Amino acid sequence: MIAPIKVILVDDHAIVRAGFRMLLATDDAIEVIGEAERGESACQLYFETSADLMVLDLSMPGIGGLETIRRICNRDSKAKILVFSVHDEKVYIDRAMSAGAKGYITKHAHPEVLIAAIKKIAGGEVYIEPGLFKEEALFSDKFETSNEDYKVIIDAFSPREFDVFLLLAKGLTSHKIADELCLGYKTIANYGTQIRNKLKVSSVAELAHIALVLGVMKN
């Protein structure tokens, strides 16, 4: 008998993890061997177990999903991580895959897509949910040079800077972002200053405009 694929589920919502577990329990080829609700514990669990694959959300408190991927893949270049996120924007996919993820699907996908993705990645393949990439390129020639400059700057953001940038662009205050990411208010304020300085803007409206124009955030 072929051994089942050993999976770790990482999501900060217990009810979501419970749903994942119930779904995966319907397939004898997959076995959930652990759960985590934040990146720090996910990293620890990964290296303490013999998991074959991790199913990971990007939006979590603490170090966040992107940094979790980076830390695990830096220590284990063969790590197999599948991102399962509400975000379907190309920039999220690009950053997740660049950090080391082997697959990306959205939480809007049919349940069978999750099972198929796990099996593909466990078998050594890369899997991205069909239809996520739009026909037109995200950054086509129609964008102005200034917007291309913004793209270069944002691509160079650290995972935490990127998280803070998105939350600021969505209109959250530094206090709310601090609560969301489980970081100190001064730390978030410093990130905000760094981000605005790098992009050479002074207002949340300008950050939102950049995020919308580059496709990082939807209307």
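The values are calculated or read from the model by the stated rules, or taken from the named source; none is laboratory data. Fair warning: this is a prediction, and the values are worked out from it, not measured in the lab. When we count neighbours, we look across all protein chains shown, and the Cβ atoms used for this are built from the backbone with ideal geometry, even at glycine.
Table for the structure above
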{"item": "Which listed residue is within 15 Å of the chain's Cα centre (by Cα) and not in a strand (DSSP E or B), from LEU23, LEU132, LEU45, LEU114", "result": "LEU132"}
{"item": "Output for region 76-94, where each listed residue is charged (D, E, K, R) and not in a loop (DSSP other than H, G, I, E, B)", "result": "LYS90, ASP94"}
{"item": "Test: residue in region 84-92 that is closer than 18 Å to PHE162 by Cβ, touching a strand residue (DSSP E or B) at 6+ places or on another chain (Cβ under 6 Å), of a type outside the set (D, E, K, R) and touching a residue at least 40 places away in the same chain (Cβ under 8 Å)", "result": "no"}
{"item": "Test: residue in region 76-94 that is among the basic types (Lys, Arg) and within 30 Å of TYR185 (Cβ to Cβ)", "result": "no"}
{"item": "Helices (runs of 4 or more DSSP H) fully within region 144-205 counting 1 or more residues that are within 21 Å of SER98 (Cα to Cα) and within 19 Å of the chain's Cα centre (by Cα)", "result": "145-155, 159-169"}
{"item": "Residues located in region 91-114, provided they are surrounded by fewer than 17 Cβ atoms within 10 Å (Cβ to Cβ) and touching a Leu at 6+ places or on another chain (Cβ under 8 Å)", "result": "PRO111"}
{"item": "Out of VAL204, VAL164, sole residue that is of a type in the set (Val, Ile, Thr), more than 21 Å from ARG38 (Cα to Cα) and not assigned by TED's automatic domain parsing to the domain that holds GLU67", "result": "VAL204"}
{"item": "Answer residue from region 155-208, given it is in contact (Cβ under 8 Å) with a residue 60 or more places away in the chain and surrounded by 15 or more Cβ atoms within 10 Å (Cβ to Cβ) and is farthest from ARG95 (Cα to Cα) among those", "result": "GLU180"}
{"item": "Some residue of region 73-87 being of a type in the set (A, V, I, L, M, F, W, C), within 18 Å of VAL216 (Cβ to Cβ) and either surrounded by fewer than 20 Cβ atoms within 10 Å (Cβ to Cβ) or outside the structural domain of GLU161 (by TED's automatic domain parsing) (or both)", "result": "yes"}
{"item": "Odd one out for THR49, checked against (1) without any contact (Cβ under 8 Å) to a residue 60 or more places away in the chain; (2) in contact with an Asp or Glu (Cβ under 9 Å, 6 or more places away or on another chain); (3) β-branched (Val, Ile, Thr)", "result": "(2)"}
{"item": "Tally, over region 95-111, of residues that are part of a helix (DSSP H, G or I), touching a helix residue (DSSP H, G or I) at 6+ places or on another chain (Cβ under 8 Å) and over 18 Å from ILE63 (Cβ atoms)", "result": "1"}
{"item": "Close pairs (8 angstrom Cβ cut-off, 6 or more residues apart or separate chains): without any contact (Cβ under 8 Å) to a residue 40 or more places away in the chain in region 1-20, surrounded by 13 or more Cβ atoms within 10 Å (Cβ to Cβ) and part of a strand (DSSP E or B) anywhere", "result": "PRO4/ILE30; PRO4/GLU31; ARG17/LEU9; ARG17/GLU35"}
